[in-house]
Amino acid sequence: MVEAERQEKAGSALQPQIAPLPMTQSLTTERLLLRRWRDADRLPFQRMNADPRVMEFMPGLLSSAASDELITRIEAHFEQHGFGPFAAELREDGGFLGYIGLHIPTFHAEFMPAVEIAWRLAAGYWGRGLATEGARAVARHAFEELGLAGLVSFTVPENLRSRSVMEKLGMTHDPRDDFDHPNLPVDHRLRRHVLYRLKRQPGQPLSG
């Protein structure tokens, strides 16, 4: 969600016209509760967005104010479109993990208009399959309840952790779809992105 930090305020006019869908307040998996955002999420989200490990493949760390503003924009996305990036918490103890959900990118690219499936988790929760578990539930919700025809996800080529999640979801990568992110300068080290796709296949469950 590079554009979420860099372009969202100026990007509302660029946002594809996707009709609002019935809103879901939460999703539940074996270990996770994916839900709307609360004020109590702000502090752990600030800490996460100021962690160089979490933000390694983003243009920079977020200030506390920028992190709070991102939550405000996420909630506005829910209200406008009926879906968005859910706040993610562990069911066993209520611990805040980060976000997992759907987002409409605002930049111009060959694959647009599209709906992105995205995630960002605090480093302490990496390596436990939580992003995959939550993203699988979000993808199922997108296809079975929202009726979306497909999803995309993208990151820089070096972000092997996120690419592994995409592949576990059954997303496919065609190098011909790779693109230069238009919100980043031409010589920026993160400008080049790989694009993954997931198409709805009626009657076929998501890959395990």
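No lab work stands behind these numbers, since they all come straight from the coordinates. Worth saying up front: this structure is predicted, and the values here are computed from it rather than measured. When we count neighbours, we look across all protein chains shown, and the Cβ atoms used for this are built from the backbone with ideal geometry, even at glycine.
In table form, for the structure just shown:
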{"read-out": "Gain on full stretching of the segment that runs from R192 to T172 - 0.36 nm per residue minus C-alpha separation", "value": "5.4 nm"}
{"read-out": "Local net charge near V186, Cβ-Cβ under 13 Å (Lys/Arg +1, Asp/Glu -1)", "value": "+1"}
{"read-out": "Average Cα contact separation per residue, the chain, under 8 Å, 6 or more apart, as relative contact order %", "value": "20 percent"}
{"read-out": "Within the chain: Cβ-based charge dipole about Cα centre, in debye rounded to nearest 20 (Lys, Arg +1; Asp, Glu -1)", "value": "320 debye"}
{"read-out": "Point-to-point label distance, R91-T72, nm (Cα→Cβ direction, 7 Å offset)", "value": "3.4 nm"}
{"read-out": "Spin-label pair H108/R53, simplified geometry with 7 Å Cα→Cβ offset, distance in nm", "value": "4.0 nm"}
{"read-out": "Volume in Å³ per residue [convex hull over Cα atoms, computed for the chain]", "value": "118 Å³"}
{"read-out": "Stokes-Einstein D in µm²/s, Kirkwood radius over Cα pairs - region 82-151 at 4 °C with 1.567 mPa s viscosity", "value": "100 µm²/s"}
